1. Provide THR58, THR201 in ascending order of the number of other Cβ atoms located within 10 Å of each residue's Cβ, fewest first.
2. Classify region 190-243 as rounded, prolate or oblate from the Cα gyration tensor: take a ≥ b ≥ c as the square roots of its eigenvalues, call it rounded if a/c is under 1.5, otherwise prolate when a/b beats b/c and oblate if not.
3. Can you list the residues, at least 5 places off or on another chain, whose amide H is less than 5 Å from the amide H of THR231, using H built in the peptide plane?
4. Which lysines have a Cα less than 20 Å from the Cα of LYS224, not counting those fewer than 8 places away in the same chain?
5. Each residue of region 196-209 in order: what ³J(HN,Hα) in whole Hz does its phi give by Karplus 6.51 cos²θ - 1.76 cosθ + 1.60, θ = phi - 60°, with x for Gly and Pro?
6. When Lys and Arg each count +1 and Asp and Glu each count -1, what net charge do the other residues less than 12 Å away from ARG48, Cβ to Cβ, add up to?
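None of the figures in this text is laboratory data; all of them are computed from the coordinates on show. Here the structure is a predicted model, which is why all the values come from computation and not from measurement. Here the Cβ is made from the backbone with ideal geometry for all residues, glycine too, and neighbour counts use every protein chain on show.
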Amino acid sequence: MVCWFGGIFLTLILVILQSSSLAQETLPVLKAHPLPPLLAQWSDPANRGDYFDQVQKTQPDYLVWSEFPIKVYVQPIEASEVANPARAQAWIKAVSQAVQEWAVYLPLQVVNRVEVGDIVVQRSFLPLRVAPGQPFGSQRIRAAETRYELYRKSIPNALPVLAHRCLVVVQPNQAESYVLASARHELGHALGIWGHSSLETDALYFSQVHNPPLISPRDMNTLKRIYEQPTRLGWAVPEQGAE
Ligand SMILES: [Zn+2]
């Protein structure tokens, strides 16, 4: 999911499908998972609606997590930053707050080993890119980006399951409130909202706004609908050649 925060552009979807052996015919069949309890408890009596129709299906269909807690790795201060750690510290604080905000609705666990992270949040600069359909020279700085990749997860004494992991990149060179807004928005993508809202009062609004919104009831209504959908993720990958 490419977000043209800070600019007026928006493009969608950057899917990294790592293994060409994950062909459609070897993917698990579509099936819904039970709703995670925190999400099951979510209700919106005021019926403020959702933007589920803007959420894109991907190859495994909806990007639903089914093993909890979802493990989140937040890049710590690197050796090169120790001499002047203020910016990295502010970034870590803002990203950690965004993780806590989403943890109200889905069980998230911060882990300190990158290799066990389901969602890895990285502090780095994103290259300039020309938005599709825009003239050369109209490059925009992107504040953040989320990608996912699919893999087969080994399960002891059972068939492997189709799993995904997400890489979230949030630029450090912005005000802390914008790092927080970017992290909140991108974590929404990583947790399954693979699309954007057209209302600037939603955290998943496609562009960065002056007063960044919190996670909204519409964000939550959308997320809950996503988790009610069937997906190929989290289900056993059929053995090749088997029925
Ligand atoms: Zn986005």
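1. Working: THR58 18, THR201 15.
Ascending number of Cβ neighbours within 10 Å: THR201, THR58.
2. Details: a/c = 4.56, a/b = 3.05, b/c = 1.50.
Prolate, because a/c is 1.5 or more and a/b exceeds b/c.
3. LYS31, ALA32, HIS33
4. By straight Cα distance, LYS224 reaches LYS31, LYS57, LYS71.
5. 10, 8, 9, 10, 6, 8, 9, 4, 9, 4, 6, 10, 7, 10
6. Details: positive: ARG218; negative: ASP44, ASP50, ASP202, ASP219.
My count for the surroundings of ARG48 gives -3.
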